[in-house]
Amino acid sequence: MPREIITLQLGQCGNQIGFEFWKQLCAEHGISPEGIVEEFATEGTDRKDVFFYQADDEHYIPRAVLLDLEPRVIHSILNSPYAKLYNPENIYLSEHGGGAGNNWASGFSQGEKIHEDIFDIIDREADGSDSLEGFVLCHSIAGGTGSGLGSYLLERLNDRYPKKLVQTYSVFPNQDEMSDVVVQPYNSLLTLKRLTQNADCVVVLDNTALNRIATDRLHIQNPSFSQINQLVSTIMSASTTTLRYPGYMNNDLIGLIASLIPTPRLHFLMTGYTPLTTDQSVASVRKTTVLDVMRRLLQPKNVMVSTGRDRQTNHCYIAILNIIQGEVDPTQVHKSLQRIRERKLANFIPWGPASIQVALSRKSPYLPSAHRVSGLMMANHTSISSISISFSSLKVPASSMTSCGNERPSWSNSARRTSSRRTLTSWTDPERLCRSSLMSIMQPRGRTTSPGAPRSSEFLPTTPSGQ
């Protein structure tokens, strides 16, 4: 029985990357833009029901909820060739359509007013699932809707669905460029607190790294939002291949993230992908053996997060899961892991198992591929804490630290900012955090984090599959 997943797309960024994600899934499963299964894909062995369900006329509809406080992006989706793919009842636009003004406080306070309408949609989707496993949230932490409304929904999801997983694909702002949004540091800081306390797994997608990869690896001088979103959709689709093309393990979301998250608070993950290409006919990597792919995944230039690793700090991996796609001989995987261990290409924490887990997955038979083997790395790395440090130290001009009109949570309320900084600094030392989390597991309390987080015992490391 498939474990269904509901996707929540928030704001401009969330709906744009969600749109590319559904385009990619439709192509991989042989589904037309109207939701009709193509004739060549009628006898497939894939599991479409994880992310799609069938309507009465048997066309496939995404388990997606599209939310925004201003209409521009959703209107562009409804005017695209994929307009008929979505359920119109699962689209929510704010009545006034004014947006959140790139202001976390505005998005959060509007969430308090409209959450009943939004959860009517979410509850209907959840009730239509046979065995709902959890939610996937796509958003940006820098704007107003994705950060503010996203923060409010994360808190509410924990209260409403305490036993369901909540995974996020969170886009972090580009720190190499000056933003026009002066309160962007506060938007990010306040959202990071909710991601720390209310999400079970956060996949960090750093715009700084995405732009660098598009420029250096794909040789695109000025990458557009569409090209960056295609990179993100590649990561999202690759991370769900074992759910949609199931094997003997890693068939559900909890199975994927259990080995990556040793304790509930250490749930911020980075990703890497190789080989990267914007066009199936043009490949930037010519040779794709299993060893070559796994070695490239460990190179910082293929990682989707710019963590600023310095020589003074000995950062290391907590856990690694490589999802290898293609026709792969398991003996090649074993030899590749042995070679990586011999050459010490990956530095692991001294207080945990030094192992790279490997999940083998099939490629979509409906898409031409220029490469025999491709791979996605999902990793828990101690350098992710540098993101917390960089955001908690950001300052904004004093002129922006004023009240936001009639909005209740204003920027002048320093208690919110101080609380957020305190939450972020709590995971800048992963070893200390892991020790404190393990101690709390031994307490008689049922949970160590918020009510929405899975029980800590579910996240203890399992026997490595790649060893």
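Nothing in this text is a laboratory measurement; each read-out follows from the coordinates by a stated rule. Everything numeric here is computed off the predicted structure, so don't read it as measured data. A quick note on method: Cβ atoms are made from the backbone with ideal geometry, for glycine too, and the neighbour counts reach across all protein chains shown.
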- Can you sort Ser306, Ser76, Ser224 by how many other beta carbons sit within 10 Å, fewest first? Ser224, Ser76, Ser306
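Which of the residue pairs Lys23/Lys363; Lys23/Lys164; Lys84/Lys363; Lys164/Lys193; Lys23/Lys84; Lys301/Lys344 have a Cα-Cα distance greater than 23 Å in the structure shown? Each step should come with its number before you reach the end.
On the way: Lys23/Lys363 16 Å; Lys23/Lys164 26 Å; Lys84/Lys363 27 Å; Lys164/Lys193 20 Å; Lys23/Lys84 13 Å; Lys301/Lys344 18 Å.
The pairs that break the limit, which is 23 Å between Cα atoms, are Lys23/Lys164; Lys84/Lys363.
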- Arrange Ser129, Ser106, Ser140 by Cβ neighbour counts within 10 Å, fewest through most, would you? Ser129, Ser106, Ser140
- Using the number of other C-beta atoms within 10 angstrom as an exposure proxy, rank Thr289, Thr196 with the fewest first. Thr289, Thr196
- Query: Is the shape of the range 50-116 best called rounded, prolate or oblate, per the rule: a/c under 1.5 gives rounded, else a/b larger than b/c gives prolate, else oblate, with a ≥ b ≥ c the square roots of the Cα gyration tensor eigenvalues?
  - Reply: prolate
- Message: Please state the shape class of the range 1-120: rounded when a/c is under 1.5, otherwise prolate if a/b exceeds b/c and oblate if not, all from the C-alpha gyration tensor.
- Response: prolate
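Stretch Thr42-Asn79 to full length: gain in nm at 0.36 nm per residue minus the Cα-Cα span? Let's see the in-between values first.
Working: separation 37, 0.36 × 37 = 13.32 nm, distance 2.78 nm.
Gain on stretching Thr42 to Asn79: 10.5 nm.
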- Given H placed on each backbone N at 1.01 Å, which residues far from Val182 in sequence or on other chains put an amide H within less than 5 Å of it? none
